[in-house]
Amino acid sequence: MEGVLKARVLVGGQAEGLATVSKEPLSLWGGLSPQTGEIIDRRHELAGQIVTGRILLLPRGRGSSTSSATLTESIKAGVAPAAIITIKTDPILALGSIVSDELYHRAVPILVLSEEDFFSIEQDDHITIKPDGTVKVSPSDGELLK
């Protein structure tokens with residue numbers, strides 16, 4: 001997919017990276033290692049993938065409010081996704097990023113896209129996120145474009 005999309009901003013910021021796309025919700029608590037950035041939920045379609053520095057697209061979070069703490073700890077450890085994009089507003093994910101910003105002065109952007117725009121993004125597309133919610137998407141050969 002190539003184009004410019006407009007997202008609703010839950011937690012603002014800039015980010016750039018390759019897309020890791022899931023069609024399944026994910027609970028970060030028990031689903032993401034806050035020490036390594038690996039998806040550790042073995043039942044999830046992204047199991048074994050490292051999301052560090054990538055733009056993680058999830059239709060929504062799933063389950064536990066402890067996902068906030070998991071995201072906060074992954075940001076602190078430097079292994080968090082560069083940003084998270086969802087279809088549904090997820091206050092638990094937003095809270096994790098906000099708390100991290102308060103405690104460690106580091107946050108990841110959390111954005112919400114329309115379902116149509118969300119599903120137009122493909123695995124490994126290159127994404128650039130602006131603080132105003134502008135999401136630029138371009139095909140990638142697996143390396144960050146300069």
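The values are calculated or read from the model by the stated rules, or taken from the named source; none is laboratory data. Just so we're clear, the structure is a prediction, and the values are computed from it rather than from any experiment. No Cβ is skipped: glycine too gets one built from the backbone with ideal geometry, and neighbour counts run over all protein chains shown.
A compact table of results
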| item | result |
| --- | --- |
| Residue that is farthest from the chain's Cα centre (by Cα) [pool: residues in region 101-125 that are of a type in the set (Val, Ile, Thr) and within 12 Å of ILE87 (Cβ to Cβ)] | ILE121 |
| Residue match in region 78-97 (condition: assigned to a helix (DSSP H, G or I) and loosely packed, with under 15 Cβ neighbours inside 10 Å) | yes |
| Contacts under 6 angstrom Cβ, first residue in region 121-135 being within 11 Å of ARG54 (Cα to Cα), partner among the β-branched types (Val, Ile, Thr) and surrounded by 14 or more Cβ atoms within 10 Å (Cβ to Cβ), 6 or more apart | GLN123/VAL21; ASP125/VAL137; ILE127/ILE55; ILE127/VAL137 |
| Strands (runs of 3 or more DSSP E) within region 1-72 that include 1 or more residues among the small types (Gly, Ala, Ser) and surrounded by fewer than 18 Cβ atoms within 10 Å (Cβ to Cβ) | 3-6 |
| Yes/no for VAL135 being within 14 Å of the chain's Cα centre (by Cα), surrounded by 15 or more Cβ atoms within 10 Å (Cβ to Cβ) and more than 21 Å from ALA7 (Cα to Cα) | no |
| Members of region 63-103 that are within 22 Å of ASP117 (Cα to Cα), of a type in the set (Ser, Thr, Tyr) and touching a residue at least 40 places away in the same chain (Cβ under 8 Å) | THR89 |
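A quick yes/no check of all residues on (1) at pLDDT 95 or above; (2) touching a Leu at 6+ places or on another chain (Cβ under 6 Å); (3) over 21 Å from GLU24 (Cα atoms):
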| position | (1), (2), (3) |
| --- | --- |
| ARG54 | yes, yes, no |
| LEU58 | yes, yes, no |
| GLY96 | yes, yes, no |
| SER114 | yes, no, no |
| PRO131 | yes, no, yes |
